[in-house]
Amino acid sequence: MSEQTIALVTGANKGIGYEIAVGLGALGWAVGVGARDDERRETAVEKLRAAGVDAFGVPLDVTADDSVAAAARLLAERGGLDVLVNNAAITGGHPQEPTLVSADIVRTVVETNVIGVIRVTNAMLPLLRRSSSPRIVNMSSSVGSLARQGANDGTTGPVSAAYAPSKTFLNAVTLQYVKELGDTNILINLGCPGFVATDLNGFRGIRTPAQGAAIAVHLATLPDDGPTGGYFDDNGPISW
């Protein structure tokens, strides 16, 4: 493994993912900018490098086995991987009322937001296992909290039969990784960025991407005796 900490952030060409790359790069880490769009990825890398970040592009479509496998090979050649931030996600568009949503929308959202995380995590685990302080951060959302959904107090946004359940699914899958990898030194946590103004929500959010990225940077830099299997936002643990 490289002596320099190496991180991979999926969906890092814009928004919260880009700001996560900024935050990790400020620590002196090498940051892989994972993105499927070549032009946007390279533009992001150029901006990060201009800001002093040791950034490099990682062509990555989280829905494609071949792309993910190639990304793992690239990182191996680069020196390994210490921190994986699974940030890439989609909302699936509208309508999302359960009586109106199409099965195709639900399937597409789950393919990216859940199966994509499984695909990338499994491909990167051999590299993470070689790290002295490996971390996995899965970017979730408070809308995935069943407790908050059940409270029906407006904190989980509009009715959503694809995006919100995909985050609940991601939470559950993450806990299964925690159970399976409990005898390793890999810390695995879920982070909620809050309601951030990004193109994911039509820039309706009230937080900046940099504010939304803070929880991911925090969880990526936990000490070796830090928590694992947690679900956090800037205020602390989120109810499941």
> Fewest to most neighbouring Cβ within 10 Å: what's the order for Val33, Val45?
Replying inline: Val45, Val33
> Within the chain, what percent of beta bridges assigned by DSSP are antiparallel, to the nearest 5?
Replying inline: 5
> Which cross-chain or sequence-distant (5 or more) residues have an amide H under 5 Å from the amide H of Phe232, H modelled 1.01 Å from N in plane?
Replying inline: Leu190, Gly191, Cys192, Ile238
> Arg107 to Asp65: extension gain in nm, 0.36 nm per residue of separation minus the Cα-Cα distance?
Replying inline: 13.4 nm
> Computed FRET efficiency, Cβ-Cβ of Leu175 and Ala50, R0 45 Å: what is it to the nearest 0.05?
Replying inline: 0.70
> Quick one: helix 65-78 against the long Cα principal axis of the chain, what's the angle to the nearest 10°, folded into 0 to 90?
Replying inline: 30
> How far apart, in nm, are two points set 7 Å out from the Cα along the Cα-to-Cβ line at Ala151 and at Glu77?
Replying inline: 4.9
>> Just want the answer: with Cβ charges of +1 for Lys and Arg and -1 for Asp and Glu, which residue in Met124, Gly92, Leu81 is farthest toward the dipole's positive end in the chain?
In response: Gly92
> What's the angle, to the nearest 10 degrees (0 to 90), between helix 38-50's Cα axis and the longest principal axis of the chain?
Replying inline: 60
> Quick one: Leu219, Leu127, fewest Cβ neighbours within 10 Å first, how do they rank?
Replying inline: Leu127, Leu219
> Taking the chain as a Gaussian network, Cα atoms linked when under 10 Å apart, which of Leu100, Leu84, Leu146 shows the biggest mean-square fluctuation?
Replying inline: Leu100
> Helix-derived [θ] at 222 nm for the chain: sum -39500 (n - 2.57) over DSSP H runs of at least 4, divide by residue count, nearest 500?
Replying inline: -12500 deg cm²/dmol
> Where nothing but the Cβ of Lys and Arg (+1) and of Asp and Glu (-1) is charged, how large is the charge dipole of segment 6-237 around its Cα centre, in debye to the nearest 20?
Replying inline: 100
> Going by alpha carbons, how many degrees (0 to 90, nearest 10) lie between the helix axis of 163-180 and the longest principal axis of the chain?
Replying inline: 50
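Computed from the coordinates by the stated procedures, all read-outs in this text should not be read as laboratory data. From a predicted model like this one, the values you see are computed outputs, not experimental measurements. Note that we place each Cβ from the backbone using ideal geometry, even for glycine, and neighbour counts take in every protein chain shown.
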